[in-house]
Amino acid sequence: MSLTELLRHVGIFGGAVIFCLALLSVFSVGMIIEKQRRFSSASGQSEKFKPEFKKFLHGGDVQNLIEAAGQYQNSHVAQVVSAGIAEYDAVNQNGGDPTASLDLVTSALRDSISETLIQLKRGLGFLATIGSTAPFVGLFGTVVGIINAFRSIAATGSGGMSVVSGGIAEALVSTALGIFVALPAVVAFNHFTGRMETFHVEMNRASSQLVNRLFKIPELKGLDVEDVEVKAPKVKKEDPAYATR
């Protein structure tokens, strides 16, 4: 029996189940395409932004980094760096101590990472739901199809193929379609979840490098200069030859 012949023998309830699974499949494919486009854009723009960020880490200008971040708005790395730079700039413009703003910048970076992850995760829950529930919807259609087949046998008193074909058709089509809908959703969910972890690591690394560039390196340089200035007079005052003279 061909697929067309099977579909002809599907009842009203089985047709409703098949229609729901087909609708879930359309939504799933649309979500997969949209997330793939979003993730590819984020990855591609981040790769283009990284050279500009490396220039800043090696002594580049802050204004050039801000302009570069504005050009790659879909980049997850650029969004995090832009949030940290904006907070750092706001403290400087208000006349605050840049070193004292470490907590504010760190908090802004953490919030930006969380917001970016939320944006990237949007829709993944829908894929997970489809992947986990579609087989059960298909199984539900299978059970109903088997019940209809036994009802036909009970009504006619015989078990010929023409009697049970409608119920068997519902069972087979519902089972196959449920698995067919679930597999792409599960594979896509696992794929996007893995890429999300990579994006998270990249954002954490960029935020750490930005904090080191803005705070830790200038702070260490300042301490080295003070140590040199303080230690030089002490050596001269405690030198025995200098005291004898």
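The values are calculated or read from the model by the stated rules, or taken from the named source; none is laboratory data. These numbers come from a predicted model, not from an experiment. Every residue, glycine as well, gets a Cβ built from its backbone with ideal geometry; the counts of neighbours run over all protein chains shown. Note: accessible area is taken over every heavy atom of the protein model, side chains too, but ligands, DNA and RNA are not part of it. Shrake-Rupley method; radii C 1.70, N 1.55, O 1.52, S 1.80 Å.
Can you tell me which of (1) out of contact with any helix residue (DSSP H, G or I) (no Cβ under 8 Å at 6 or more places or on another chain); (2) at pLDDT below 85; (3) part of a helix (DSSP H, G or I) is the one Ser158 doesn't meet?
Every listed condition holds for Ser158 apart from (3).
For the stretch 113-145, what are the residues that are of a type in the set (Gly, Ala, Ser) and either touching a residue at least 60 places away in the same chain (Cβ under 8 Å) or open to solvent by less than 20 Å² (accessible area, probe 1.4 Å) (or both)?
Scanning the stretch 113-145 gives Gly123, Ala128, Gly131, Ala134, Gly138, Gly141, Gly145.
Based on this model, can you work out whether Glu47 counts as at pLDDT 90 or above, closer than 21 Å to Asn204 by Cα, surrounded by fewer than 15 Cβ atoms within 10 Å (Cβ to Cβ) and of a type in the set (Asp, Glu)?
Yes.
Under 6 Å by Cβ, and 6 or more places apart or on different chains, what pairs join a residue from the stretch 35-61 that is more than 23 Å from Asn212 (Cβ to Cβ) and in a helix (DSSP H, G or I) with one that is open to solvent by 20 Å² or more (accessible area, probe 1.4 Å) and of a type in the set (D, E, K, R)?
Phe39/Arg195
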